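The values are calculated or read from the model by the stated rules, or taken from the named source; none is laboratory data. Because the structure is predicted, anything quoted here is derived from the model rather than measured. Here the Cβ positions follow ideal geometry from the backbone for every residue, glycine too, while neighbour counts run over all protein chains shown.
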Amino acid sequence: MNSTVAVLGGGAAGFFGAIACAEANPRLTVVLLEKTGKLLSKVRISGGGRCNVTHAADTPAQLVQHYPRGAKQLKEPFRQFDAQATIQWFARRGVQLKTEPDGRMFPVTDSSETIAQCLLDAARQAGVRILTQTSPERIEVLPAGGFCLHLTGAHAGEMRAGRLLIATGGAPKTEQYNWLRELGHGIAEPVPSLFTFNVPASPLRELPGVSVPLARVRVAGEKLEYEGPVLVTHWGISGPAVLKLSAWGARRLHELSYQSTALINWIPTHTETTLRAFLHEYREQHGRKVVASNPLFGLPQRLWRTLTDQAGVEPEVRWNELPAKPQNRLIEALLNTALTVRGKTTYKDEFVTCGGVLLSEINMKTMESRRVPGLHFSGEVLDIDGITGGFNFQAAWTTGYLAGQAMSRPVLPEA
């Protein structure tokens, strides 16, 4: 039994843990169990099918800034296995990564299949046994140590293991964590993270597809704001600024039942004072230009025209004819477009939750449970989540690697 290590979950964290364990100790039998028939499904859909493997970051201190939950606890793990270690791990297996201007890193092939195949090949070469359509309906912690997994599915029966890695990912409902509670672990209640804002009565509803590369989105009455690209959609607003704001505000937005007012500053480099000064000077130099048909600040024509319409700017009025009231309303629209948010939409198929196994119950050097010897966790089943940009995968690689290294060693009896 002590020579067998079981891994639950055929995703990024599970594969990385299984590979790390098998490579570190070839004498072990490492068995990876996946309840569905699909392996690495999230890897395959990530980044629009390109797989955002990690994020270019020189130090662990830079990396941890991108985790709404788990930042403090990830400092030490990232010192052991950081983004550079991830890059080198894939490079040693023939997969080169490239860095995009925003820091996201993808395989040079721009295909997630490159990453999936690399992990599958590495697992097979390391001797990992992979069983699909198989999962435990019950996990028994044995009195003398180790585990008995009562399996159901394609490979039903009992399996005994000296160590067990749980890498089953996040789950949207609290009851889906009951089996982990039965193992003695506390759970931070799961709530959605990384979602877009639904604005049914949006004044921008005629502008789907319009994007602004740098805007500031904040939630009225809350200490929640984020700058970045904003995309107008059929249902509301999306884009990195909204997704990242949703991650940092996941718990508070859940408390608000996803009912709030989002305020968009389309030109965050300006304050009201600097904007008024700019418009005063522009008016003097370009007074003959028609306001509505000459966008400023690089804003898209369709967005500019909508904002001027809402401000009550007449279609043919020139800057030197613009009355004070519509100009004031235009300034307000540019700095504080108010959108009534009524709900959320999951971002594509890249489901992310915050919540999961409490980190206070985990030894973050080994990812081993402080409650059950030989039980390890990695990936999104933990109360760790990152914003978009490759950070959730990096947490999966790091926690999986540390768990795998630790599982390759004998289970030590408690002192």
- segment 127-138 - residue that is in contact with a helix residue (DSSP H, G or I) (Cβ under 7 Å, 6 or more places away or on another chain) and crowded, with 18+ Cβ neighbours inside 10 Å and, of those, farthest from Gly94 (Cα to Cα): Ile130
- Checked segment 195-215 for anything within 18 Å of Pro68 (Cβ to Cβ) and not polar (S, T, N, Q); matches are Phe195, Phe197
- Task: Could you tell me whether segment 64-77 includes any residue that is over 26 Å from Ser360 (Cβ atoms), aromatic (Phe, Trp, Tyr) and crowded, with 19+ Cβ neighbours inside 10 Å?
- Result: no
- Query: Only one of (1) in a strand (DSSP E or B); (2) touching a helix residue (DSSP H, G or I) at 6+ places or on another chain (Cβ under 7 Å); (3) surrounded by fewer than 22 Cβ atoms within 10 Å (Cβ to Cβ) is not met by Gly356, so which one is it?
  - Reply: (3)
- Return yes when Leu279 is within 24 Å of Trp319 (Cβ to Cβ), modelled with pLDDT of 95 or more and buried (at least 17 other Cβ atoms within 10 Å of the Cβ) and no when it is not. yes
- Residue among Leu204, Leu183 that is at pLDDT 95 or above and either surrounded by fewer than 17 Cβ atoms within 10 Å (Cβ to Cβ) or more than 30 Å from Leu339 (Cβ to Cβ) (or both): Leu183
- Among Thr388, Thr366, which is the only one that is assigned to a loop (DSSP other than H, G, I, E, B), at pLDDT 95 or above and touching a helix residue (DSSP H, G or I) at 6+ places or on another chain (Cβ under 6 Å)? Thr366
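Here's the yes/no breakdown for (1) touching a residue at least 12 places away in the same chain (Cβ under 8 Å); (2) hydroxyl-bearing (Ser, Thr, Tyr):
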residue: Arg283; (1), (2): yes, no
residue: Gln301; (1), (2): no, no
residue: Thr340; (1), (2): yes, yes
residue: Thr353; (1), (2): yes, yes
residue: Ile362; (1), (2): yes, no
- Task: Using the structure shown, decide if Lys244 is of a type in the set (D, E, K, R) and either assigned by TED's automatic domain parsing to the domain that holds Asp102 or under 14 Å from Lys344 (Cα atoms) (or both).
- Result: yes
